[in-house]
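Undergrad: This is the structure I have questions about; it appears just below.
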Amino acid sequence: MTGAAAPEERTAPTSLAALPDRGGRAGYVLFLLFLANVLNVADRALLGIVVDPVKADLALSDTQISIVSATAFVFFNLLVGIFIAGWVDRGNRKWILILGVTLWSVATALSGMAQGFASLGLARILVGVGEATAFPVAISMIADLYDTQTRPRAISIFQSSVFVGVVLGSILAGVLAAAVGWRAMFLICGAVGLVLVAVMMPTLREPRRGRHDAVPDTPIAPAGIGTTVAALLQTPGFVALSLGAAFAAMATAVLPTWAPAFLLRSHGVALAAVGAIIGPAVGIGGISGTVVSGVLASRLVERSGHEGAALLVPLFALPLATPAFLLFILAPSLTMAMTGAAIMNFLLSSAIGPCMAAAIGIVPVRSRAMASTLIMIAIGILGGALAPFVVGTASDAMQPAFGIDSLRYGLATMAPMPLLGAVALLIAYRKMLAR
């Protein structure tokens, strides 16, 4: 590999700073990607914290809230995301990410100016379009910064930003909304993203593609999106892996939209305190689970020499997540509910890092952004769009019978999903071993 890399370094464009295989610069890029995703997730979580005030001020139903916060958001995020992924696989990833952060930060601020269902929905759609850049850029860059053995750990460290974003977004949104109102809260949080843009513009550098791969990356003629997608879908284990990650994500995907409202309605938590209560429970469990699963997956890959070994971690953890989810939604006390939430998130967070690391190890260098986007499309359709909508409509349907506790039973529809995720990942694991 060393001998093959040298000629490519001489021919790489000088405008792309070649990052070293190890050391501080790779870590710094990972840190910037981490921060970008923190804001990505935090901005998504903001609306969930202020569901009830927004619902009251704009005269919205639970179904309308689920549409603007999840269904419409995810639909446009995924629709645009597949085209962005093709751009990421061939374009300058630094500037694609900077453009995305700028767009979603401005759109977050616009959410605070919404006057009704349509204007709030438009603002959230623009947030989704901007945020479609973050994940494919990060996964593509990380694959070029870290080798096969260390990628699961690096991706899991990056993925832990999801839970950091949930914690920070939940706490700040609750405190700011209580202090200055939900409209000003959106404006302030949008401004924070523009600060990160100012930091990334002069300091973020693009890694050279394919530096850790047996076959060096070479410039190729753009392939049609349909051709690229078809090739990925034919990769053994890729479809099952994507579905496994998506089923696993459904139980956690409903939390940003409905967990704060659940605490407000079923446990009587005050708006100013809801973020401080749900944030640490979800965040600590998720962060620790993501990092631990990444370390374990890296060790399994190193010992076995096969990317598919990373899937053994979620195969063990996901079946245990269903009883923890049931404890969260059915516990009679707030303490027991938060304990269930922490355990559930520790276990469910084991999926995405190992799944993504396994996926990018079996696809071509210039298809990694597309591969990660296809997995996120599966997660987005089942988790981001379908799951919150199912919970919201089930809550509305059961409201006459259960009153404010209808949301508790709407959330129960997600309990079997981790088990389905484990089944799909077992299929993917067997297919990858047979390659």
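The values are calculated or read from the model by the stated rules, or taken from the named source; none is laboratory data. Since the model is a prediction, treat every value here as computed from it, not as a measurement. As a convention, Cβ positions derive from the backbone with ideal geometry for all residues, glycine included, and neighbour counts pool all protein chains shown.
Undergrad: How do the helices (runs of 4 or more DSSP H) wholly within region 217-291 filter down when requiring 2 or more residues that are within 16 Å of the chain's Cα centre (by Cα) and surrounded by 24 or more Cβ atoms within 10 Å (Cβ to Cβ): which remain?
TA: Numbers: elements: 225-233, 238-253, 255-266.
Because the criterion is at least 2 residues that are within 16 Å of the chain's Cα centre (by Cα) and surrounded by 24 or more Cβ atoms within 10 Å (Cβ to Cβ), the helices (runs of 4 or more DSSP H) in region 217-291 that meet it are 238-253, 255-266.
Undergrad: Being surrounded by 19 or more Cβ atoms within 10 Å (Cβ to Cβ) and in a helix (DSSP H, G or I) is the filter here; which residues of region 83-95 pass it?
TA: The answer is Ile84, Ala85, Gly86, Val88, Arg93, Lys94.
Undergrad: So Ala114 passes all but one of these: (1) surrounded by fewer than 23 Cβ atoms within 10 Å (Cβ to Cβ); (2) over 21 Å from Ala184 (Cβ atoms). Which condition number does it fail?
TA: Result: Ala114 fails condition (2) only.
Undergrad: Looking only at region 182-210, which residues are closer than 30 Å to Ile49 by Cα and free of Cβ contacts under 8 Å to residues at least 24 places away in the same chain?
TA: Ile188, Val195, Ala198 - these are the residues of region 182-210 that are closer than 30 Å to Ile49 by Cα and free of Cβ contacts under 8 Å to residues at least 24 places away in the same chain.
Undergrad: Tally up the residues in region 23-57 that are in a helix (DSSP H, G or I) and in contact with a Phe, Trp or Tyr (Cβ under 9 Å, 6 or more places away or on another chain), please.
TA: 18
Undergrad: May I pose another question? May I ask you to list the residues in region 124-145 that are buried (at least 22 other Cβ atoms within 10 Å of the Cβ) and closer than 21 Å to Cys189 by Cα?
TA: Those that are buried (at least 22 other Cβ atoms within 10 Å of the Cβ) and closer than 21 Å to Cys189 by Cα: Arg124, Val127, Gly128, Gly130, Glu131, Ala132, Thr133, Ala134, Phe135.
Undergrad: Counting just the residues of region 114-142 that are closer than 11 Å to Val68 by Cβ and under 15 Å from the mean Cα position of the chain (by Cα), which one comes out modelled with the highest pLDDT?
TA: Here the answer is Val127.
Undergrad: Turning to a different aspect of this structure: Can you tell me which residue among Ile404, Ile381 is within 18 Å of the chain's Cα centre (by Cα), modelled with pLDDT under 90 and surrounded by fewer than 24 Cβ atoms within 10 Å (Cβ to Cβ)? Walk me through how you get there before you give the answer.
TA: Details: Ile404 fails: within 18 Å of the chain's Cα centre (by Cα).
Result of the check over Ile404, Ile381: Ile381.
Undergrad: Let me ask you something else. Can you confirm whether Leu122 is closer than 30 Å to Ile142 by Cα and in a helix (DSSP H, G or I)?
TA: no
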